[in-house]
Amino acid sequence: MDQYYTIKTSFFGNTNPQQLIEQYGSPLYVYNESILRQRCRDMADFIPYANYIANYSTKANSNLELLKIIREEGLHVDAMSPGEIYVLLAAGFRPDQIFYIGNNVSIEEMMYAVNLGITVSVDSLSQLETFGQHNPGGNVAVRINPGFGIGHHEKVVTGGEKTKFGINDDRIDDVKALIQKYNLNLVGINQHIGSLFMEGEPYLQSIRTLLDIASLFEGLDFIDMGGGFGIPYQKQDGEKPLELKLFGEQAAELLDAWASRYNPDIQFMSEPGRYVVAECGVLLGTAHARKENGGIHYVGTDLGFNVLARPVMYDAWHDIEVYPKHKRAVDSLKETVTIVGNICESGDIIAYNRQLPVISIGDILGVMDAGAYGHTMASNYNNRLRPAEVLIRRDGTDKLIRRRDTMEDLIRVFPTHTV
Ligand code: LLP
């Protein structure tokens with residue numbers, strides 16, 4: 001048991017999974033504040049270059065209380081929708097700390113940001129045209145597609161030929177023409193090549209490409225290199241974290257060289273999402289059934305893909321820990337099981353063929369590294385209630401930071417319904 005991540009990190013503070021489930025219900029997202037703050041600091045200090053800032057990518061986790069902590073740690077943010085902007089403002093971010101990276105958005109959405117004084121990035125010539133028509137003389141940023149991408153699954157690769165993102169480098173003259181046509185002020189360029197790399201080289205390569213493109217423009221205020229920093233999802237098998245120190249130093253060299261040649265005042269930004277929040281989150285659930293079918297030993301839980309979509313969407317791996325209901329030597333006996341949820345689809349599998357301590361009904365399971373793209377991708381499919389979220393504070397106490405959905409929430413939205 002002592003190889004467990006949650007034990008090594010004192011993840012649950014003064015409480016424990018059983019107490020948490022009893023108090024807040026199952027399933028339940030639990031976050032550890034100390035780990036979150038540490039990951040914020042890792043990213044804030046990642047590139048040893050004075051004019052560098054990390055913009056946390058809100059889509060990974062937009063819980064209001066976590067956003068407040070991230071703001072306290074000095075990170076700025078990127079937003080992908082008016083809804084994210086709305087929540088970021090509620091968390092206390094100033095408009096100048098928010099960067100709206102739109103993708104195929106309506107003019108109303110662009111104007112929502114513009115009217116708040118938030119910088120907007122457009123990611124096609126057609127969106128640049130729309131922006132220019134409604135904001136002649138305005139400030140704008142442009143998302144570049146550096147021509148290649150990377151990611152843990154093809155669905156999260158966001159650079160290169162086969163993606164809908166960004167403007168290719170062979171269209172730079174068209175960008176310049178539109179900027180001129182509408183008298184726009186191009187304040188920055190940005191990119192994002194994809195999600196989850198465990199080595200620095202592809203990111204460094206994308207910085208080189210972006211800097212080459214940046215030198216074709218004059219008067220930029222910032223260059224945003226994007227996110228994608230991975231975390232080790234297979235810690236139980238000894239997977240190591242991303243080596244940030246050398247990586248950051250190599251990035252700083254590139255930035256320094258470019259800035260001293262072209263523009264010493266330029267600001268550089270990154271957009272980490274997963275790295276900041278993944279490891280501070282554990283999803284707890286309960287085993288409700290066991291069954292053997294076709295030689296497969298299933299453990300049936302309340303951890304359906306409505307709660308955590310990543311395994312079903314991307315075949316993603318999450319380490320699992322077992323917290324037995326009744327004290328026993330959990331490690332002594334192991335078995336191979338497939339962990340499934342309670343949703344009406346055969347694909348509702350959270351972990352295939354795992355060697356785990358024998359699980360009994362009533363035991364609690366912990367799904368590791370669930371802080372990123374966990375609750376933000378949860379849904380009410382099968383009219384299930386999205387889980388509560390709880391924070392383990394630095395003093396070890398726990399605090400509810402989002403209530404579980406209620407049954408009333410399921411019908412509140414229907415105009416014909418009167419409560
Ligand atoms: N910037 C932009 C423009 C993005 O689209 C994203 C993520 C990020 C930054 C942050 O990327 P990160 O540092 O978190 O890798 N749902 C998938 C990941 C989708 C990422 C979408 N864009 C997953 O669960 O793996």
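The values are calculated or read from the model by the stated rules, or taken from the named source; none is laboratory data. Keep in mind that what you see is a predicted model, and the values were worked out from it rather than measured. Positions of Cβ are backbone-derived with ideal geometry, glycine not excepted, and every protein chain shown enters the neighbour counts. Just so you know, the surface numbers come from the protein's heavy atoms only, side chains and all, with ligands and any DNA or RNA stripped out. Shrake-Rupley method; radii C 1.70, N 1.55, O 1.52, S 1.80 Å.
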Exercise for review: Could you grab the relative contact order for the chain? Cα pairs under 8 Å, six or more apart, rounded to a whole percent.
Suggested key: 20 percent
Practice item. Could you pull the Cα extents of segment 285-419 along its three principal axes, largest to smallest, in whole Å? Key: 54, 44, 28
Practice item. Among Gly219, Met198, Asn183, flag the residue with its Cα farthest along the positive direction of the charge dipole of segment 175-226, charges on Cβ as +1 for Lys/Arg and -1 for Asp/Glu. Key: Asn183
Point to revise | Kirkwood Rh, angstrom, the chain [1 / mean 1/r, Cα pairs] | key: 22.8 Å
Review point. Using only helices, what value at 222 nm comes out for the chain when you add -39,500 (n - 2.57) per DSSP H run of length 4 or more and divide by the total residues, to the nearest 500 deg cm²/dmol?
Key: -8000 deg cm²/dmol
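Would you work out the relative contact order for segment 12-171, in percent, from Cα pairs under 8 angstrom that are 6 or more residues apart? Could the numbers behind the result be given before it?
Details: 197 pairs, mean separation 20.4, N = 160.
Contact order relative to length: 13 percent.
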**Study point:** segment 25-91: C-alpha gyration tensor shape, a/c 1.5 cut-off, then a/b vs b/c
**Key:** oblate
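Cβ neighbours within 10 Å, averaged per peptide: list 51-60, 175-184 in order, most packed at the top.
Per-residue Cβ counts within 10 Å, averaged per peptide and sorted highest first, yield 51-60, 175-184.
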Check your understanding: Dipole size in debye (nearest 20) for segment 69-155 around its Cα centre, Lys and Arg Cβ +1, Asp and Glu Cβ -1?
Key -> 60 debye
Review point. In whole Å, how far is the Cα centre of segment 198-215 from that of segment 130-166?
Key: 15 Å
Check your understanding: Order of 198-206, 286-294 by packing, highest average Cβ count within 10 Å first?
Key -> 198-206, 286-294
Point to revise | Bins of 10 Å, starting at 0 and running to the largest distance - Cα pair percent for segment 90-145 | key: 24, 58, 16, 1
Practice item. Determine the distance separating the Cα centre of segment 265-290 from the Cα centre of segment 1-58; give it in Å without decimals. Key: 8 Å
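Could you please state how large a percent of the accessible area of the chain is carbon and sulfur, counting protein chains only and using a 1.4 Å probe?
Working: 9070 of 18420 Å².
Accessible surface attributable to carbon and sulfur in the chain totals 49 percent.
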Exercise for review: Hey, can you find the accessible area per residue of segment 108-166 for me, probe 1.4 Å, expressed in square angstrom?
Suggested key: 46 Å²
